[in-house]
Each structure stands twice: as structure tokens, then as C-alpha cells.
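All remarks here apply to the structure that follows.
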Amino acid sequence: MIKFAPLYATVLFTQISLGLLTPLTPILLLSHGISTFAIGIVASGYYGGTLVGSLLVPFVLMRIGHIRALVIFCVVAADATLLTRGVATVIPWIAIRFVVGMCSIGVFTVVESWLNASSRRSVRGRVFGFYMFASWTGNVAGASLLSAFKSASSLLMIGVGAFTTALLPITILTRVGPALPVLARLSMRELLRLSPAGVATCFAAGMSSGMFYAMFPVAMERAGLHQDGVSIAVSLCLFAGMLMQVPVGLLADRIGRMIIIRLALGIAIAACAGLWLSHTLLWFAVFGAVYGATAGVLYGLGVGLTADRAAQAQLVGVSSGVLFAWASGACTGPLIAAGAMAVLGYSGVFAMLMALFAAALAVVLLGRQPAREDGGAVEEVEVEA
């Protein structure tokens, strides 16, 4: 895992910035008197950027390689974020968040394709376990900065600084990266044919994340909990998800990713049922932590499962494809959850999560996924300065 430390550090600082800027953006927009509806459109602009970026990044990566691509994405994201200072109208904000969304998905596509290309199937679970641990740690750290600093301007500068700091581990500590990929284009249909269980798992991870973290606080408030209690329950979910990444990755390498995915989906369904029946902070916190520990590991497992089935030339396409599946789910999740809550009350979000995980579990149970025999690592090449 030591050789991947610069990549993990890059992900950590990128997620610190994203974890800070995601909740900071609506705060800044509200301070300019922008409506709630317009704030929602700005948020959609970010996810629109992730969708478009997942389609375009493979071509950038094919032309300039992993290291240069990471530098470009981090610099452009920092510059775009810096432009938001003093902007008080919606259209520029949409454009800026769209660019940041493209760049953030670019960073993750590059890192994931690098990890896939440089790791063998027998250790891919732990490799992605540490990757997801770095991602979740950065997200938690970024969100916690909101309460540590009161000045929105200072927070914005910290977000810009985190993007630029994400460059340092790669540019200082890394001289070699995977050889320039020969891009084997993968349509979503081909990706589904390659690994229906892996794609379904990544889609479910994205949609559940969009549903849960957007609407779980709303559900608890409607159940009568105070803001402090809501904060405690959400924090437990995040910490549980963060702490489970590496152990689950190690276990997946030992007994198989399909088995772990099935267990995680089954336990997540039970956790959602418990949340549906919860009325007090204690039970929201307990079942929320169980939910975070199981639903939070799905994406890394889904990526590993899909990569196990792919040829080396397909790994960049796999990375962008599963991120597209994740982003598609994350975009639609909050809308579906909000509609369910309008019909069923605050428990509607938990009902939809149970249905989502049940559907994903059905796909996984029906799918058989023999691993390729050529799932080794590719050579690394030195990158000229």
C-alpha cells in the first residue's frame, strides 16, 4: 500500500475541499439572497459536471497520461473555486460548479484507473479499502471545518488551498505512473454485460448516498429530533462508513467481493427497516451507524468487482463507467426520496432505500462473475518533467 500513498493523499485533500465546499456553497448563495430553488439548480450543475466529466476524462487521460491529468484537474478546480469569491448571480455559479464537478470526477477517474492498473486482483479489495478510507476521511474533515471557522471567505480559501495541496503528493513523490492507456471504449450496455452486479452495486451506492445524506436529516427533524441530535446521528453514519472501508476491503480479498456485497446489501436493508421504525435519537443513531457501515462500502466493492472482470485496456473505461453509474444514481436519488417522503411521510426515504437495495441484491444474487485470468498489474513508465 505504500506505493499508493501519494494517490491516497491526493484523494484525501481533494475530498477535504469537496467536503467543505458542498455545504459551504448554499451558505454563500443564501448570503447573496439567492432562492432555495436556484440553489438546487446550482447543486444540479455540479452533478451535471460529474456526468459529463465521466464521459470526457478517458480521452484526456489517453492523450496526456495520469500525472499530468491530475495536475490539470486540480489546478482548474482550484481556479474555478477561486472565481466564486464575490459572485452573486446564479448563472456564473452554475458554470463554476459544473467545472468543479467535471474536475472532481476527473481526479477520481484518474486515481481509480491508476489503482486498477497497478494492483492485482488478489489485493484489489484492500487497495480500494484504503482509497475509500482516504475519501471518507477527507469528506468528514472537510465538513467539520464549517464549525471550526466562521468566516465564509476564509473557508473558501481553505477549499482552494486543499485542491492545490492535492497536487503535492503526486508531483513531489511520484515520478512514474501507468503507461498511457490504450482506450477501449465501453458503452454502458457493454459495461453492464461485463459486470451487471458491479455496475448495479455502484449505481445503488450513488443513489443511496444521494437519498440518504440529503433526506436523512430532514426525516429525523420531521420525526421530532433537535438539530444537535441530527448532527450526532449523521456523524455516526459517516464515521461508521469511514472505519469499515479497510477491514471490508481485506475481507473481500480473502472471501470474495460477491459474498461481501450480498451481506452488505442484506444488512443495509435490515438497517433501513430499523430506521423506518425508529422514533428516538438512540435508534436513529444505532441503525444509522449500521447503515453507514454497510452502504458506505458498496462503491469500493462494486469497482473492484467490475475491474476483476475487465481486460487491462478496459480499465480506464471501467473507472469512468462506474463513476458515471454512481453519479447517475446520486443525481436522481434526492428527487426520488423527496417524492417518496411527500407521499409516505418521513419514512418514505427508508422505504425507497429498502426497495433500491432489494433490487440491487436481486441483480447480485442472479449474477455470476468469474474473474479474468489476466487481471495483473500493468507496467509503469517514467514521466518526463
Residue (of PRO92, LEU20, ALA9) at the positive-pole extreme of the stretch 1-143, dipole from beta-carbon charges: ALA9
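Quote the charge dipole size of the stretch 1-180 about the Cα centre in Debye, to the nearest 20; the model charges only the Cβ of Lys and Arg (+1) and of Asp and Glu (-1).
Details: 11 positive and 2 negative charges, 104 e Å.
Approximately 500 debye in magnitude.
Give me the dipole magnitude in Debye, nearest 20, for the chain about the Cα centre, with unit charges on the beta carbon: positive for Lys and Arg, negative for Asp and Glu. The partial results should precede the final answer.
Details: 21 positive and 13 negative charges, 79 e Å.
Dipole about the Cα centre, nearest 20: 380 debye.
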For the stretch 63-79, 3J(HN,Hα) per residue [Karplus equation, 6.51 cos²θ - 1.76 cosθ + 1.60, θ = phi - 60°, Hz, x = Gly/Pro]: 8, 10, x, 5, 5, 5, 5, 4, 4, 4, 5, 5, 5, 5, 4, 5, 4
Cβ-Cβ FRET estimate between LEU55 and ALA359, R0 fixed at 25 Å, reported to 0.05: 0.50
Highest-MSF residue in the chain out of SER35, SER320, SER328 [GNM, Cα springs under 10 Å]: SER35
Mean Cβ neighbour count within 10 Å, used as a protection proxy, ranking 242-249, 24-31 highest first: 242-249, 24-31
For the stretch 2-19, Karplus couplings with θ = phi - 60° (6.51, -1.76, 1.60), whole Hz, Gly/Pro x: 4, 5, 9, 4, x, 5, 4, 5, 4, 5, 4, 6, 4, 6, 4, 5, 5, x
Built amide H within the under 5 Å cut-off of SER119, gap 5+: VAL378
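Once you have the Cα-Cα distance between SER144 and VAL75, take 0.36 nm times their residue separation minus that, and quote the gain in nm to one decimal. The partial results should precede the final answer.
Details: separation 69, 0.36 × 69 = 24.84 nm, distance 2.38 nm.
Here the answer is 22.5 nm.
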Under 5 Å, built H, 5+ apart or other chain: amide partners of THR174: none
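How far, in nm, would the chain grow between ALA273 and LEU344 when pulled straight, counting 0.36 nm per residue and subtracting the alpha carbon separation?
24.1 nm
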Relative contact order of the stretch 1-159, defined on C-alpha pairs under 8 angstrom at six or more residues apart (%): 45
Electrostatic dipole magnitude of the stretch 184-368 [Cβ: Lys, Arg +1; Asp, Glu -1; Cα centre; debye, to 20]: 540
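Within 10 Å, at most 10 other Cβ atoms, and a DSSP state outside H, G, I, E, B define an exposed site. Report the longest part of the chain free of exposed GluC sites (Glu not before Pro).
On the way: sites that count: GLU373, GLU379, GLU384.
For GluC sites (Glu not before Pro) (loop position, at most 10 other Cβ atoms within 10 Å), the longest site-free span of the chain is 1-372.
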Cα lying deepest toward the dipole's positive end in the stretch 1-120, options LEU115, SER54, GLY40, charges on Cβ: LEU115
Using θ = phi - 60° and Karplus 6.51 cos²θ - 1.76 cosθ + 1.60, couplings along the stretch 148-158 (whole Hz; Gly, Pro as x): 7, 10, 9, 7, 5, 5, 5, 4, 4, 5, 5
Where labels lie 7 Å past Cα in the beta-carbon direction, separation of LEU30 and ARG222 in nm: 1.9
Relative contact order of the chain, defined on C-alpha pairs under 8 angstrom at six or more residues apart (%): 27
Of ALA337, ALA78, ALA38, the one that fluctuates the most in a GNM where the chain has Cα springs shorter than 10 Å: ALA38
Compactness of the stretch 184-368 - radius of gyration and Dmax, Cα, Å: 16.4, 53
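Treat the count of other C-beta atoms within 10 Å as a stand-in for reagent exposure and order THR174, THR280, THR14 from fewest to most. Intermediate values should be presented prior to the final figure.
Working: THR174 20, THR280 12, THR14 29.
Ascending Cβ contact count within 10 Å gives the list THR280, THR174, THR14.
Given just the C-alpha atoms of the stretch 1-180, how large is their convex hull per residue in cubic angstrom? Write out the running numbers ahead of the final one.
On the way: hull volume 19.6 nm³, N = 180.
Considering the Cα atoms of the stretch 1-180, their hull volume per residue is 109 Å³.
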Rounded if a/c under 1.5, otherwise prolate or oblate - the stretch 138-267, Cα gyration tensor axes: oblate
Relative contact order computed over the stretch 184-368 (Cα-Cα under 8 Å; 6+ residues apart), in percent: 45
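All of the numbers you see were taken from the coordinates with simple rules; none came from a lab. Remember, predicted model here, so these are calculated numbers, not experimental data. Quick reminder, even Gly has a Cβ in these numbers, built from the backbone with ideal geometry, and neighbours come from all protein chains shown.
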